[in-house]
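Worksheet for the structure shown next.
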Amino acid sequence: MAAAWGLSLAAAALREVTRWPRYRLPAAFPWPQVRRETSFSSPQANEWHIHLTDSCVQRLLEITEGPEFLRLQVEGGGCSGFQYKFSLDTVVNPDDRVFEQGGARVVVDSDSLAFVKGAQVDFSQELIRSSFQVVNNPQAQQGCSCGSSFSVKV
């Protein structure tokens, strides 16, 4: 019970610290055309897809409200050269790819997609932490022990 309460606090905190603008646009706003993809759990699916595990889908359905989705970005930094960044967002940009599975959405910008194509997004719940993680990333040569940073294959 306490773990579930802590997770909902973490989701609320994630909503508060996310840097993405949360504008309320009029219904007649001309939304940009974005590529929507259906994500598959099988590793044999298209390499330009992001695969979502069942635990990821379940957790996203619990913490997102309305148009919210999980944004996955890759930034320079971390102990291995690049790091994954997760945030809740509501704005889909023209260069974003939207991956949907079971009503849950993960959005990746085109620059970051080159670093995570074919990877799997999972929600891991452990005694010391609960987090979204990128696992089985075919673009990563090695990663750190915490799983938040990686180096790319050359």
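Structure notes:
- Fully extended contour minus Cα-Cα distance, from Val152 to Lys85, at 0.36 nm per residue: 22.5 nm
- For trypsin sites (Lys or Arg not before Pro), the sites in the range 71-137 that DSSP calls loop and that have at most 12 other Cβ atoms within 10 Å are Arg129.
- Per-residue SASA remark: Val152, around 40 Å² accessible (1.4 Å probe; ligands, DNA and RNA not included).
- Zone residues, the range 63-77, relative to Asn93, backbone N less than 19 Å from point 7 Å out along Cα-to-Cβ: 68-77
- The range 90-136: relative contact order as a whole-number percent, Cα under 8 Å and 6+ apart: 24
The values are calculated or read from the model by the stated rules, or taken from the named source; none is laboratory data. Keep in mind that what you see is a predicted model, and the values were worked out from it rather than measured. Every residue, glycine as well, gets a Cβ built from its backbone with ideal geometry; the counts of neighbours run over all protein chains shown. Each accessible area value is taken on the protein alone, full model and side chains, heavy atoms only, with ligands, DNA and RNA left out. Shrake-Rupley method; radii C 1.70, N 1.55, O 1.52, S 1.80 Å.
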